[in-house]
Amino acid sequence: MHRPELTPEQISDLRLLAGTIIPESTSYGVPGADDELIFNDILRSMDRDREDVCRALAHLAELSGGAFAEVAPERRDQVASALRETGGAPLAALVRVVLFCYYRDDRVMRSLGLDPRPPFPQGHVVEQGDWSLLDPVRLRAPMYRRVE
């Protein structure tokens with residue numbers, strides 16, 4: 001299966017859009033999603049969402065009347081708002097990739113008071129819930145056919 005490659009214009013547009021979705025915050029001391037490390041992670045992490053990201057970027061270029069990166073700064077928010085309203089599933093995939101990469105950045109995790117590490121081998125404590133809530137599920141008949 002052929003995965004489309006992003007053009008240099010799409011990469012510029014994606015970087016600017018990522019920074020629009022999550023801008024830098026000096027008050028919280030965190031970078032925006034257009035930060036070099038985070039953005040490179042975004043480019044590496046598109047995998048299964050690459051086609052949707054390309055569709056969303058094509059739609060963004062259509063709304064911009066060309067490259068989003070070349071739109072006047074005062075008009076970018078209007079174009080981004082129009083994309084938010086009409087972007088559909090392709091935009092949802094793009095935003096998912098941006099958020100996924102942003103929240104796995106060590107600097108962002110530290111700003112949230114979390115230790116930037118994998119969950120294992122140290123693990124995380126999960127508070128026990130009310131297991132009796134599963135009783136109706138346990139009592140119902142199986143929804144599958146047994147293989148003999």
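The values are calculated or read from the model by the stated rules, or taken from the named source; none is laboratory data. Predicted, not measured: the structure shown is a model, and the values here were computed from it. No Cβ is skipped: glycine too gets one built from the backbone with ideal geometry, and neighbour counts run over all protein chains shown. Calculation scope for accessible area: heavy atoms of the full protein, side chains included, ligands and nucleic acids excluded. Shrake-Rupley method; radii C 1.70, N 1.55, O 1.52, S 1.80 Å.
Taking segment 8-47 as the region of interest, how many residues are open to solvent by 10 Å² or more (accessible area, probe 1.4 Å) and in a loop (DSSP other than H, G, I, E, B)? Selection size over segment 8-47: 11. If the condition is being among the aliphatic types (A, V, I, L, M) and assigned to a loop (DSSP other than H, G, I, E, B), then segment 53-74 contributes 67, 71, 72. Filtered by the rule that a residue be under 17 Å from the mean Cα position of the chain (by Cα) and over 29 Å from residue 111 (Cα atoms), segment 51-77 gives 51, 52, 54, 55, 56, 57, 60. Per the listing 50, 107, the residue uniquely in a helix (DSSP H, G or I), touching a strand residue (DSSP E or B) at 6+ places or on another chain (Cβ under 7 Å) and open to solvent by 20 Å² or more (accessible area, probe 1.4 Å) is 107. Considering only segment 84-104, state which residues are open to solvent by 70 Å² or more (accessible area, probe 1.4 Å) and either more than 30 Å from residue 63 (Cα to Cα) or not in a helix (DSSP H, G or I) (or both). Those that are open to solvent by 70 Å² or more (accessible area, probe 1.4 Å) and either more than 30 Å from residue 63 (Cα to Cα) or not in a helix (DSSP H, G or I) (or both): 103, 104. Residues considered: 33, 80. Of these, the only one that is of a type in the set (Gly, Ala, Ser), under 24 Å from residue 110 (Cα atoms) and touching a residue at least 40 places away in the same chain (Cβ under 8 Å) is 33.
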